[in-house]
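The values are calculated or read from the model by the stated rules, or taken from the named source; none is laboratory data. Note that the coordinates shown come from a computational prediction; the quantities given were computed from them, not determined experimentally. Note that we place each Cβ from the backbone using ideal geometry, even for glycine, and neighbour counts take in every protein chain shown. Ligands, DNA and RNA are excluded from the accessible area calculation, which covers all protein heavy atoms including side chains. Shrake-Rupley method; radii C 1.70, N 1.55, O 1.52, S 1.80 Å.
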Amino acid sequence: MFEKETAELVRPKALPFSSDVLERILKQSQTGTPEVSAIDSLRAKNRPMLKTEFYLDEKIYSSELILFEERAAVAGFQDQVRSPGDHLVCRIRDRELIVLRDEKNALRAYYNSCIHRGTRLLSAKKEGLLKKIVCPYHSWTYALDGKLLTSDCKVPERGLRELPIRDFAGILFVGFQKNALDRLEPVFRELKNFEFDSYVPYEIKITEGNYNWKVGVEIFLESYHISTVHKSSVAAVIPKNASIFDPIGEHGRILIPNRSFENASPPTRKDLIITYFLFPSTLLVIFRDHFAMIHFQPISREKTVCTQAILIPQKSKTPRMTPHWDFNSEFFFRTISEDLALAEEIQFGLKREGFIFPSSWEPGIFHFHRSLEGEK
Ligand code: FES
Ligand SMILES: [Fe+2]
């Protein structure tokens, strides 16, 4: 029914990977044997990250929050703030931000906090376009560019405390520290090959679960579980243990071939599921004609919020394409709910002393641990 339109918009594109990488995938999908042999040393006895307390200990959790401060977080989507006055209020861990377009259409992110005495400025997204921000306490007023307009009191700061923000592929990344966004550059550089301009969310889900944030992330860093956890869905189209993992600094890339990969010459986007891991807690999964985002934010040691979204090209958000996107959306969210249900089971099971033993089919887990240790 929508075949023609689909074909036009989503021609299977060439893969931006070297022939070495493609050969490794082919070998992996034919043999299914682990590629990495260096893992034995990483699995060395007494490695602290392989102790169950790594996922349970309050001190370890507190130290990880520093790491989150230094990295970018997802604040929302470009599509939610398209024109001057558009705005959203988002929560990242224990802080709240206002994201908006100012009068000159520049994207801005501010702490949702008045500089006078700290009061929360906006309690939720207000209907309609924002013209000014007025504090509910003593009515200090700010322009959309953050400037303080109230002049009765002289204060040393000129206006709202601003944070760096950047749109990439329709996703808004913010940093609490100045260089946080720069850390994503190596992955963005690779992602540019996929021409992600003007992608918009088709569906967004935010769920809260009782698991440590690392438990959530790690499920998406290995494909070893696909043939067991997703046996009635994804497993049907993917050969067993066929993925390869490559580090990109502290980040990483997981390539999972579809069954079609083996006989495709040359393989294209339709033959591969491409996942980019943006350390510490974001995953972008690129499918043939759309992509998905999974982003974790810790609330506490054993509580995590997970934002999941399907993003599609803006021009293909048409009524004719709706059945196609509905199908993909339903499939994606069903798969993710299988993963997140598992996260709670893992967290519960970790409440014992001792070690865990990731296998050689899970190189992404070991790389994640190295990144957490600050190695690269
Ligand atoms: S705290 Fe905002 S005006 Fe007083
Ligand atoms: Fe999964």
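Can you give me the P(r) profile for region 296-376? Cα pairs, bins 10 angstrom wide beginning at 0, each as a whole percent.
In whole percents, the pair-distance histogram is 13, 29, 32, 18, 8, 1.
If you check each cysteine of the chain for another cysteine whose beta-carbon is under 4.7 Å away, which ones come up empty?
C90, C153, C306
Quick one: what does P(r) look like for region 185-281 with 10 Å bins over all Cα pairs, in whole %?
With a bin width of 10 Å, the distribution comes to 13, 36, 42, 9, 0.
For P267, what charge total do you get from the other residues with a beta carbon under 13 Å from its beta carbon, if Lys and Arg give +1 and Asp and Glu give -1?
Taking every Cβ under 13 Å from that of P267, the sum is +3.
How many nm is it between the label spots at T52 and D182, if each spot is 7 Å from the Cα in line with the beta carbon?
For the pair T52/D182, the computed spacing is 4.3 nm.
Taking the full set of protein chains and a 1.4 angstrom probe, give the accessible area of V74 in square angstrom, rounded to the nearest 10.
20 Å²
With a cap of 14 neighbouring Cβ atoms within 10 Å, and only residues DSSP puts in a loop, list the GluC sites (Glu not before Pro) found in region 91-162.
Passing both the DSSP loop test and the Cβ count: E103, E127, E157.
Jot down the radius of gyration and Dmax of region 117-174, Cα atoms only, both in angstrom.
Calculated on Cα positions, Rg and Dmax stand at 13.4, 43 Å.
Using only C-alpha positions, report the orientation-averaged shadow area of the convex hull of region 19-141, nm², one decimal.
On the way: hull surface 56.0 nm².
Mean projected area of the Cα convex hull: 14.0 nm².
What fraction of the Cα pairs in region 223-376, stated in percent, has a spacing above 23 angstrom?
Tail fraction, whole percent: 44.
Using a 7 Å offset from the Cα along the Cα-to-Cβ direction at both V237 and E127, what is the distance between the two label points in nm, to one decimal?
That separation, rounded to one decimal, is 4.1 nm.
Treating the angle as unsigned and between 0 and 90°, give the value, to the nearest 10°, between the Cα long axis of helix 363-373 and the longest Cα principal axis of the chain.
40 degrees
Quick one: angle between helix 19-31 and the longest Cα principal axis of the chain, in degrees between 0 and 90, rounded to 10, please.
Between helix and principal axis, roughly 60 degrees.
Can you tell me how much longer the chain between E70 and R24 gets when fully stretched, taken as 0.36 nm per residue apart minus their C-alpha distance, in nm with one decimal?
Numbers: separation 46, 0.36 × 46 = 16.56 nm, distance 3.40 nm.
Gain on extension, E70 to R24, equals 13.2 nm.
Can you run phi through the Karplus equation (6.51, -1.76, 1.60; θ = phi - 60°) for region 178-192 and list ³J(HN,Hα) in whole Hz, with x for Gly and Pro?
Per residue, the Karplus-derived 3J(HN,Hα) values read 3, 8, 4, 6, 4, 5, 8, 3, x, 7, 4, 4, 5, 5, 4 Hz.
Report P(r) for the chain: all Cα-Cα distances, bin width 20 Å, range 0 to the bin holding the largest distance, values in whole percent.
Spelled out per bin, shortest first, that is 26, 55, 18, 1.
Based on the Cβ-Cβ distance of S62 and T268, what FRET efficiency does E = 1/(1 + (r/R0)^6) give at R0 = 45 Å, to the nearest 0.05?
Calculated transfer efficiency: 0.45.
Cα centroid distance between region 136-188 and region 296-369, in Å?
Using only Cα atoms, the two centres lie 30 Å from each other.
What number results when the radius of gyration of region 118-218, computed over Cα atoms, is divided by 2.2 N^0.38 Å? Don't skip to the end; give the middle numbers.
Numbers: Rg = 18.5 Å, N = 101, 2.2 N^0.38 = 12.7 Å.
Relative to the rule-of-thumb radius for its length, region 118-218 sits at 1.46.
For region 296-359, which GluC sites (Glu not before Pro) are in a loop by DSSP, counting at most 12 other Cβ atoms within 10 Å?
Sparse-neighbourhood loop GluC sites (Glu not before Pro): E353.
Long-range amide H contacts for N258: which residues qualify at under 5 Å (H placed 1.01 Å from N, peptide plane, sequence gap of 5 or more or a different chain)?
L272, I273
Evaluate E = 1/(1 + (r/R0)^6) for E353 and T207, where r is the Cβ-Cβ distance and R0 equals 25 Å; express this FRET efficiency to the nearest 0.05. Don't skip to the answer; put the middle values down first.
On the way: r = 30 Å, r/R0 = 1.18.
Calculated value: 0.25.
What are the ³J(HN,Hα) couplings of region 139-154, residue after residue, when phi is run through the Karplus curve with 6.51, -1.76, 1.60 and θ = phi - 60°? Round to Hz, x for glycine and proline.
6, 4, 10, 10, 6, 5, 7, x, 5, 6, 9, 6, 10, 5, 10, 8
Given a Förster distance of 22 Å, report the FRET efficiency between S260 and A341 from their Cβ-Cβ distance, rounded to the nearest 0.05.
Details: r = 29 Å, r/R0 = 1.32.
Once rounded, the FRET efficiency stands at 0.15.
Which pairs break 31 Å Cα to Cα here: K104/K317; K27/K192; K132/K303?
On the way: K104/K317 27 Å; K27/K192 27 Å; K132/K303 35 Å.
As for pairs spanning more than 31 Å Cα to Cα, those are K132/K303.
Going by the alpha-carbon gyration tensor, a ≥ b ≥ c the square roots of its eigenvalues, is region 331-376 rounded (a/c under 1.5) or, if a/c is not under 1.5, prolate (a/b greater than b/c) versus oblate?
oblate
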